[in-house]
Every structure is written in C-alpha cells, then in structure tokens.
Amino acid sequence: MEDHIHILFRLSRTVSLSQVVEKTKTSTSKWIKTKGPTDFAWQAGYGAFSVGPSEADRIIAYIKGQEEHHRKVTFQEELRGLLQESGTQFDERYLWD
C-alpha cells in the first residue's frame, strides 16, 4: 500500500519490537532510495498488534487481500477500528504525522 504496510512475524524473546521496526525502516529506506525516489520517509511512529498462532492463516489472507480491502476502508478508518476493537484509548492528534 502507498501509505502503510502490514507485516506478520514471530517476535523472538531476544529481540524487541522497536528493534524489528527500526531494522525494517532502515533497510527498506535504503532499498527504496536505490530505486529512485529520494524523498521517501517513514512516519515517526508505528502501531503493533499481537495475534496468536491460531490467527496466522487469517492474517496472512488479510495481508494478501489488503489492496482490495483498502478500496473499501481507508488506512485511517482501519487503524481507528483496530484501536477501538482492542479497547485502546487514543487521541487523534497523535496518530498521524
């Protein structure tokens, strides 16, 4: 997607989520810049949700179909919904760069 990504991975007990995000942002920024656009930049923050192993197949199917999904639901609507569904309190002022 042009404005966000979904990644499903198993988090090792020896690696923090912030380390995974930092490595992902750093390596993909370097790769993207070799492909042409020099004005690419990641948003400062990120969101993460945990799912159990029994949900993996459903999440993989969702990720594969996200282009179709986002024709109906924007990223902003999706994130708000996930936060509300999980019972996470949030302030819109801090969600978007």
By its C-alpha gyration tensor, with a ≥ b ≥ c as the square roots of the eigenvalues, how is the chain shaped: rounded for a/c under 1.5, else prolate for a/b larger than b/c, else oblate? rounded
Tell me, what is a quarter of the convex hull surface for the C-alpha atoms of the range 16-63, in nm² with one decimal? 4.6 nm²
Per-residue HN-Hα couplings for the range 67-83 [Karplus 6.51, -1.76, 1.60; θ = phi - 60°; Hz; x = Gly/Pro]: 4, 5, 4, 7, 6, 9, 10, 6, 4, 4, 4, 5, 5, 4, x, 5, 5
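Each reported figure results from applying straightforward, stated rules to the coordinates on display, with no laboratory input. What you see is a predicted model; the values in this text were computed from it and never measured.
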